[in-house]
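Asks: Okay, handing you the structure first.
The values are calculated or read from the model by the stated rules, or taken from the named source; none is laboratory data. Bear in mind the structure is a predicted one, so any value in this text is a computation, not a measurement. Cβ: placed from backbone, ideal geometry, glycine included. Neighbour counts: every protein chain shown.
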Amino acid sequence: MKIAIVGAGAMGSMTGGLLREAGNEVFLCTLNQPHVEQIRKSGLVIEGIGGERVIQIEATTKIEEIGFSDLLILFVKSYDTEVASRTARRIAGESTIILTLQNGIGNIEILEKYFGKMKVLGGTTDAAATLVEPGRVRHTAFGNIYIGELNGIITPLVEQMVSLFNQSGFKCCATDNVIGMIWTKLILNLAINPLGTILRVKCEGLINNEYSKILMKQIILESLQIAEKKGITLLYEDMVQAAYALAEKNATSYNSMAQDFFKGKKTEIDFMSGAIVKEGKKVGVNAPLNEAMALLVKALETTAINSRN
């Protein structure tokens, strides 16, 4: 299968590398020129889970060099989904399938606008990876992948995608509740990402601190009120314990939002805490804790930008 990974940072590169190892034709597309140049020169190095190895894989900064693909996987940051979708239409043929494994909510609606509802599959992953340096990623957590049609029907296409990822070493499952999976991941991220960024701690720093654990719990309980109002069924019955468990699994790592902040990059806060606040307003539920998280992260971003200028 010919696969284009649009947004080949840490997660996109790791995922693309494993898909390539399984024998697929994979292209990584990223605006990170040094990353592309190093991959072209020496291959993609993946370390961590599975041991260190070098994978020969195509990489480019120019999406038109890829040509039409069978599968297009979006791993760009949520704030780049609009621009990436507009650009990725150049390599989307009549039979191209679009899969999002991004963080946050709102990405599916953007993809539907550019590719049509019939071509878009939703998905989530709680795997983790870090970009160590150009051409090298560290695979830190395997995690699960859930893929599903937006209408909840488990089609042969969904089963084909699940088989593709399982053959590449992932633990992938079909779901008839992909929106619930996306919201499950969102709420877990709401409890971990902004708080870990504000406190500037690894995940273990959240669960080894009684006060941050209380905040995690309160953020989740606030978010659950919104999910319940919207009629969304979540994956875990106890979302608080699920968040603690996820933080424990990634104990020695900084969450993805914190990593972005430390690198001076824009965070996805508007598609996480900011998004849940907007969803709450639609159903008449206030979300003051999530709003505070959004404002604090944006204040940190602004302070960092001003200090660099």
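Asks: Would you please list the contacts, defined by Cβ atoms under 7 Å and residues six or more apart or on different chains, that run from a residue in segment 1-13 that is among the polar types (S, T, N, Q) to a residue that is at pLDDT 95 or above?
Replies: Listed pairs, sorted by first residue: Ser13/Leu28; Ser13/Leu44; Ser13/Val137.
Asks: Could you grab me the full set of residues in segment 259-277 that are among the charged types (D, E, K, R) and surrounded by fewer than 17 Cβ atoms within 10 Å (Cβ to Cβ)?
Replies: The answer is Lys263, Lys265, Lys266.
Asks: Taking the stated definitions as given, is Lys119 in contact with a strand residue (DSSP E or B) (Cβ under 9 Å, 6 or more places away or on another chain) and at pLDDT below 95?
Replies: yes
Asks: Here is a further query. Could you give every pair whose Cβ atoms fall below 6 Å, whose first residue belongs to segment 249-273 and is in contact (Cβ under 8 Å) with a residue 12 or more places away in the chain, and whose second residue is among the hydroxyl-bearing types (Ser, Thr, Tyr) and surrounded by fewer than 21 Cβ atoms within 10 Å (Cβ to Cβ), counting only separations of at least 6 or pairs across chains?
Replies: Ser253/Thr140
Asks: Go through (1) touching a strand residue (DSSP E or B) at 6+ places or on another chain (Cβ under 9 Å); (2) within 22 Å of Thr61 (Cβ to Cβ); (3) at pLDDT below 95 one by one and return the number of the condition Arg90 breaks.
Replies: With respect to (1) touching a strand residue (DSSP E or B) at 6+ places or on another chain (Cβ under 9 Å); (2) within 22 Å of Thr61 (Cβ to Cβ); (3) at pLDDT below 95, Arg90 is out only on (1).
Asks: If you take the residues in segment 147-164 that are of a type outside the set (Val, Ile, Thr) and free of Cβ contacts under 8 Å to residues at least 40 places away in the same chain, which one is surrounded by the most Cβ atoms within 10 Å (Cβ to Cβ)?
Replies: For segment 147-164, the residue satisfying everything is Gly148.
Asks: How many residues does segment 58-86 contain that are without any contact (Cβ under 8 Å) to a residue 60 or more places away in the chain and among the polar types (S, T, N, Q)?
Replies: 4
Asks: Condition test on Ile39, is it among the hydrophobic types (A, V, I, L, M, F, W, C) and farther than 30 Å from Glu109 by Cβ?
Replies: Yes, satisfied.
Asks: Among what's in segment 96-110 and is touching a strand residue (DSSP E or B) at 6+ places or on another chain (Cβ under 7 Å) and not hydrophobic (A, V, I, L, M, F, W, C), pick the residue that is nearest to Leu190 (Cα to Cα).
Replies: If we take residues in segment 96-110 being touching a strand residue (DSSP E or B) at 6+ places or on another chain (Cβ under 7 Å) and not hydrophobic (A, V, I, L, M, F, W, C), then Gln102 is nearest to Leu190 (Cα to Cα).
Asks: Could you tell me whether Arg20 is basic (Lys, Arg), more than 17 Å from the chain's Cα centre (by Cα) and surrounded by fewer than 16 Cβ atoms within 10 Å (Cβ to Cβ)?
Replies: no
Asks: Identify all residues within segment 67-83 that are farther than 13 Å from Gly12 by Cβ and surrounded by 22 or more Cβ atoms within 10 Å (Cβ to Cβ); write none if there are none.
Replies: Within segment 67-83, Ser69, Ser78, Thr81 meet the criteria.
Asks: Give the residues of segment 43-62 that are modelled with pLDDT of 95 or more, surrounded by 14 or more Cβ atoms within 10 Å (Cβ to Cβ) and more than 18 Å from Gly23 (Cα to Cα), sorted by residue number.
Replies: Glu47, Thr60, Thr61
Asks: Let me ask something additional. Residues that are farther than 17 Å from Glu248 by Cα, at least 1 per element: which helices (runs of 4 or more DSSP H) completely within segment 130-225 meet that?
Replies: In segment 130-225, 156-167, 178-199 are the helices (runs of 4 or more DSSP H) which contain 1 or more residues that are farther than 17 Å from Glu248 by Cα.
Asks: Test Lys185 against the stated conditions and say whether it is surrounded by 19 or more Cβ atoms within 10 Å (Cβ to Cβ) and among the charged types (D, E, K, R).
Replies: Taking the combined requirement at face value, the residue satisfies it.
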